[in-house]
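Presented below is the structure to which this report refers.
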Amino acid sequence: MGLLSLFAKARPALQRLPAGSMTVDRDGQIVTSTVSSTYPVDVLEKIAGEVLRLFQEARQAHLPLTEFRIHFASLQITAREARGGAIIFLTPSAPL
Amino acid sequence: MDAPHKILILDDDPAILDLYKEWLSQLPSKPDIEISNNGARAMALLEAEPYRLLICDLKMPKMDGLQVLSIVRRRFPELRTVVMTGVEDEEFRSRAYALGVDLFWLKPDTHQNMQMFLECIESLLGRDAQSGFRGIQNKSLMDILQMECLSQSSTVFRITRGSLVGKIWILNGDLIDAETEGARGEVAFRRILEWKSGTFETLPAEADRERTIFKSINALLLEAAQAIDETGGSGTGESNEEVDHRKTVWRLATLTREGGEWVVSLPHDVAGAAEGWGTHSANEFSNWMRSATESIKRLGEQIEAGPWSHIQAQNFERKLIMMPSKNKNFLVAWPPAADSSGIFEKSKKLVSSWDS
């Protein structure tokens, strides 16, 4: 029995890639989201924070951006600037 | 047959530009003439290919003529420069000459004046085709120094090459000191001797100058000549500066051919300095590149989305592609009308050729 319980131990869950869109305000708070509610909100907030940071630092470098798209191997993050906040689209290249 | 010299005319008045272009195209040497109505575009043109002469107005919006000339002096020391202005002010004249312009000319108001101006331009185009110091063509600095020492002179040479200034002290035919860019003595002397062309002036002797060089002039010149021979024998004979210049011209030509606006590269090494081609804001843009790279890395790790291949961005003025290569990140700017799907492939091609 002990052997079986060893195999029954919880394995780290495979995190799905986020898919959907969300709007965030200028403070990084998520206003609306179509991303699955099973996806961790804190990760979405981190994505929102980094996106806003990218826009803000581009402005500081006198390179204000209206839109950008980050291409990862398995996900694209598209962000459009919206009055200090942003609309963010998360598109997995190969959804699980 | 030699290619015609290229002249760039910079003036914010389009009518003046057309007029000068027409006049200058009648010069006997039939130079190629380009025009620009602002300093930024003039800089881009100068970086894209070698010009012989820049004719520059002083009063212009955004970047005035003195600003342009100060950048030009630093970046293109070989370029001849002429100020052609309606500003009759002694202060501007002396400031322009202090920036090393070859000619300061008030905008001609008579036909005779115009003829004289054209003759001066023709003369400037023809002069100094080979290396040598202005005033004594086809004589190297070594020749000039030898002549001074053989004649047991006492003098001070002030030598200028673009923004670089050096001084060499000679007392009773002995070389006693040299100074340039924070270096002194033999080091400074060797550095000055590497300059292949420039201008020099003789200043009054300074008998009380402290002596820092004790070797004979012949010994020092021999050492310098050997060093130059060794450098020349090991490769193509080009100095590092020439090689860098050639690379820059080639890169800008590639960028222009592909239709790009500018490129900034930033080494992965934190201590590495950013380089820019076609832009003067390389440092500013590199700040964003650095922070964007950090953000993207954090995101990639957090989401487990794998490595990033590139970031595509845009605003109302341009489209941008940032992508990593082996040692650097590159930010390539394209015009707003550029085809979004095509610029990624073009950027990839540019980056791989520039980085190789």
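Values quoted throughout were computed directly from the atomic coordinates according to the rules given, and no laboratory measurement underlies them. Being a predicted model, the structure only gives us computed values, none of them experimental. With ideal geometry, Cβ positions are generated from the backbone for all residues, glycine too; neighbour counts draw on all protein chains shown.
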Notebook entry, point to check: Placing +1 at every Lys and Arg Cβ and -1 at every Asp and Glu Cβ, with all other atoms neutral, what dipole size does the protein assembly as shown have around its Cα centre, in debye to the nearest 20?
Noted result: 1740 debye
Check: Between B:E49 and B:H268, what length in nm is gained on full extension when 0.36 nm per residue of separation is reduced by their alpha carbon distance?
Finding: 75.9 nm
Checklist line | Cα-derived Rg over Rh, computed across the range B:306-345 with Rh taken as Kirkwood radius | finding: 0.99
Next item on the list: Starting from the Cα-Cα distance between B:S340 and B:Y97, subtract it from 0.36 nm times their residue separation and give me the gain in nm to one decimal.
Entry: 82.8 nm
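Grab the beta carbon distance between B:Q302 and B:E78, set R0 = 35 Å, and tell me the FRET efficiency rounded to 0.05. Spell out each step's value before the answer.
Values: r = 52 Å, r/R0 = 1.48.
The calculated FRET efficiency here is 0.10.
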Check: Other chains near B:291-304: what is the mean number of their Cβ atoms within 10 Å of each residue's Cβ?
Finding: 6
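Restricting to the protein assembly as shown, what percent of DSSP beta bridges are antiparallel, rounded to 5?
Counting only bridges with both partners in the protein assembly as shown, antiparallel ones make up about 80 percent.
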Notebook entry, point to check: Which of B:D102, B:D13 comes first, and how do the rest follow, when ranked by fewest Cβ neighbours within 10 Å?
Noted result: B:D13, B:D102
Notebook entry, point to check: For the range A:35-96, what Kirkwood radius comes out of the mean inverse Cα-Cα distance, in Å?
Noted result: 12.5 Å
Next item on the list: Can you tell me the FRET efficiency between A:E45 and B:Q152 if r is taken as the Cβ-Cβ distance and R0 is 60 Å, rounded to the nearest 0.05?
Entry: 0.15
Checklist line | Order by protection proxy (mean Cβ within 10 Å, highest first), peptides B:309-319, B:180-190 | finding: B:309-319, B:180-190
Next item on the list: Report, by chain and number, residues whose modeled amide H sits under 5 Å from the one on B:M60, excluding near sequence neighbours (fewer than 5 apart, same chain).
Entry: B:G65
Item checked: Separation of the B:L106 and B:T256 label points, Cα + 7 Å toward Cβ, nm -> 3.6 nm
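How large is the Kirkwood hydrodynamic radius of the protein assembly as shown, counting all unique pairs of alpha carbons, in Å?
That comes to 26.5 Å for the protein assembly as shown.
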Check: Using only helices, what value at 222 nm comes out for chain B when you add -39,500 (n - 2.57) per DSSP H run of length 4 or more and divide by the total residues, to the nearest 500 deg cm²/dmol?
Finding: -13500 deg cm²/dmol
Next item on the list: Pop out the ³J(HN,Hα) list for the range B:274-290 in order, Karplus 6.51 cos²θ - 1.76 cosθ + 1.60 with θ = phi - 60°, rounded to Hz; leave Gly and Pro as x.
Entry: 6, 10, x, 10, x, 9, 9, 10, 4, 5, 4, 5, 5, 4, 5, 4, 5
Notebook entry, point to check: Projected onto the charge dipole of the range B:275-351 (+1 at Lys/Arg Cβ, -1 at Asp/Glu Cβ, origin at the Cα centre), which of B:M323, B:I303, B:S286 gives the Cα projection farthest towards the positive end?
Noted result: B:M323
Notebook entry, point to check: Once both labels are modelled 7 Å past Cα along the beta-carbon direction, what's the B:S70-A:R16 spacing in nm?
Noted result: 6.0 nm
Next item on the list: Calculate, for A:T34 and A:R83, the FRET efficiency according to 1/(1 + (r/R0)^6) with r their C-beta to C-beta distance and R0 25 Å; round to the nearest 0.05.
Entry: 0.80
Notebook entry, point to check: Under the classification rounded if a/c is under 1.5, otherwise prolate if a/b is larger than b/c and oblate if not, where does the range B:45-109 fall, given a ≥ b ≥ c as square roots of the Cα gyration tensor eigenvalues?
Noted result: prolate
Next item on the list: Give me the angle, in degrees from 0 to 90, between the Cα long axis of helix B:14-24 and the longest principal axis of the Cα atoms of chain B, rounded to the nearest 10.
Entry: 50 degrees
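Across peptide A:39-51, how many C-beta atoms of other chains are within 10 Å of each residue C-beta, on average? Mind dumping the intermediate values first?
Working: counts 1, 1, 0, 1, 4, 1, 0, 4, 4, 0, 3, 8, 2.
Going residue by residue through A:39-51 and averaging, the value is 2.
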Notebook entry, point to check: If you keep only loop residues by DSSP, which trypsin sites (Lys or Arg not before Pro) in the range B:247-314 have at most 15 other Cβ atoms within 10 Å of their Cβ?
Noted result: none
Next item on the list: Give the shape of chain B as rounded, prolate or oblate, defined through the alpha-carbon gyration tensor: a ≥ b ≥ c are the square roots of its eigenvalues, a/c under 1.5 means rounded, and otherwise the shape is prolate if a/b is larger than b/c and oblate if not.
Entry: oblate
Check: Going by alpha carbons, how many degrees (0 to 90, nearest 10) lie between the helix axis of B:111-126 and the longest principal axis of chain B?
Finding: 90 degrees
Item checked: Footprinting exposure proxy for B:C149, B:C120 (fewest neighbouring C-beta atoms within 10 Å first) -> B:C120, B:C149
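Please sort by residue number the trypsin sites (Lys or Arg not before Pro) in the range B:39-123 whose DSSP state is loop and whose Cβ has at most 12 other Cβ atoms within 10 Å.
Passing both the DSSP loop test and the Cβ count: B:K62.
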Note to self: Taking the alpha-carbon distance from B:K349 and a cut-off under 20 Å, which aspartates and glutamates remain once sequence neighbours fewer than 8 residues away in the same chain are dropped?
What the structure shows: B:E258, B:E261, B:E275, B:D339
Next item on the list: Mind pulling the angle between the C-alpha long axis of helix B:141-150 and the longest principal axis of chain B? Nearest 10 degrees, somewhere in 0 to 90.
Entry: 20 degrees
